[in-house]
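Data first, discussion second: the structure below is written as structure tokens.
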Amino acid sequence: MATIALPLPRYTVADLEQFPDDGNRYELLEGWLLVTAMPGSAHQWVVTQVASAFHVYLGRGRLGFAYGGGGAQHGVATLLIPDVLVTGPDVRPGRPWSEMTERWLAVEVLSPSTRMYDRDYKVRAYLGMGVREVWLVDPWARAVEVHRAIGEAPDVVRETLAWRAPGADAPLTVAVAALFDGAGAGD
């Protein structure tokens, strides 16, 4: 049987502006469209726990900013939307995502609809675009994978995470189990 070559479309960040506001999350990775379903309430609970911890630690912008669902853009063909994006203090709210280049940390909370993209593609992309560290928060393993370099095995943390913002006197410490308390079951 002969193979059929199908041309697959490649998109730009500008193309995403034309996509429907239908509850799905549309992202681009080097022009390839990644579409995932709206996250469930358990997923969003964990995202809120992480973002809240950073918001308090960063002193409401004194040390930096934590954006829930912020955009990590690289060129015209890559726009990823981490569950939490932590940036430096110069990356003030109101600036376009394309101008935000000081990205310290991207956090993805794994879910059934995102775990393959997050682990197999997005970690490498974030690190490749200059994000200093990537956390994959895994509700099933009740652990956090900490990725710091392409090709290196992540540190898997099950008890206490420690992360220090540049210029901070002390690290943020997070009890991993507390991230999942109250989340319930589901996506």
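The values are calculated or read from the model by the stated rules, or taken from the named source; none is laboratory data. This structure is a prediction, so every number in the text was calculated from the model and none was measured. Please note: Cβ atoms are built from the backbone with ideal geometry, for glycine as well, and neighbour counts cover all protein chains shown. Side chains included, ligands, DNA and RNA excluded: accessible areas come from the protein's heavy atoms. Shrake-Rupley method; radii C 1.70, N 1.55, O 1.52, S 1.80 Å.
Binning at 5 Å from 0, report for segment 72-176 what percent of all alpha-carbon pair distances ends up in each bin.
Over segment 72-176, the share of Cα pairs per 5 Å bin runs 2, 12, 23, 24, 20, 13, 5, 1 percent.
List the extent of the Cα atoms of the chain along each of their three principal axes, largest first, rounded to whole Å.
Here the spans come out as 60, 37, 34 Å, largest first.
I need the Kirkwood Rh of segment 64-109: take the reciprocal of the average 1/r across all distinct C-alpha pairs and report it in angstrom.
Numbers: mean 1/r = 0.0961 Å⁻¹.
Radius from the Kirkwood sum: 10.4 Å.
So how do 75-84, 157-166 stack up, highest first, on mean other-Cβ count within 10 Å?
Values: 75-84: 20.7, 157-166: 14.4.
Going by the mean number of other Cβ atoms within 10 Å, highest first, we get 75-84, 157-166.
Taking every DSSP beta bridge that has both residues in the chain, what percent is antiparallel when rounded to the nearest 5? Provide the component values of the computation, followed by the final result.
Numbers: 29 of 34 bridges.
Just about 85 percent of them are antiparallel.
Per residue, how much accessible area does segment 24-96 show when a 1.4 Å probe rolls over the protein heavy atoms, in square angstrom? Could you put the intermediate results ahead of the total?
Details: 3190 Å² over 73 residues.
On a per-residue basis, 44 Å².
If packing is taken as the average count of other Cβ atoms within 10 Å, what order do 135-148, 5-18 fall into, highest mean first? Walk me through the numbers before you get to the answer.
Details: 135-148: 18.4, 5-18: 10.4.
Order by mean packing, descending: 135-148, 5-18.
Mean projection of the alpha-carbon convex hull of segment 1-75 over all orientations, in nm²? Don't jump to the answer; show the numbers that get you there.
Details: hull surface 32.9 nm².
Approximately 8.2 nm², given one-decimal rounding.
Taking every pair of alpha-carbon atoms in segment 34-132, what share in percent sits in each 10 Å bin, from 0 to the bin with the longest distance?
The distribution over segment 34-132 is 16, 49, 32, 3, given as percents.
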